[in-house]
């Protein structure tokens, strides 16, 4: 079922944005620690884009508090991704983080932690592949809403790299230290409306977290939605249908 977003996306026509449909929700689509959500893939890689990617394994032990999630098949500095708070405590991967600064919420954010530098796992990637239905039922213009928060205390002043790609085109490239100190801790920040762009079936949207040279400081909570804007003809039908419903309601009220 498609859901209607309530926030407007920068750079879009108001009528289009008001009827934008999000077709992918990074946290909202997360099923559980053993099930990969439809359309999504989770990987670790030696590069933010175009590198050697390896799929994360489901239902493996990650972090320090006994929780499970998606993790890399390497012996140390394991990259990890988790969308469920199954440890009975704070929604976190590593307990050396400051719990007073944890604003992550299960169902709204996914926790992503890049792997140890030097073992080809410097980046962790959550990628959505647009389906034929995403395009045919909605349109060929998309936008992205995303926020992130880096809150691991172990990273010194290197911060965390956060990137977003449409296919191989980079839409966003920031480091958490660009926003708050130390290392991006505190309130969620980022770009809340990436510019609209043309999409097609099979295109990919990738949310990427990099360790910025320090594995200990890359735990990041990420919110991400992929929105599709209906074509003008579709908007006309929506307006016509809405007007018809208004007319019927007024008629019934007489």
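Please treat every number below as a calculation from the coordinates, not as lab data. Quick caveat: nothing in here was measured; it's all calculated off a predicted structure. Here the Cβ positions follow ideal geometry from the backbone for every residue, glycine too, while neighbour counts run over all protein chains shown.
The modelled label-to-label distance between residue 86 and residue 47, using points 7 Å beyond Cα along the C-beta direction, is 3.4 nm. Put a dot 7 Å past the Cα of residue 106, heading toward its Cβ, do the same for residue 204, and the two dots end up 3.0 nm apart. For the pair residue 197 and residue 133, label points projected 7 Å from Cα toward Cβ lie 2.5 nm apart.
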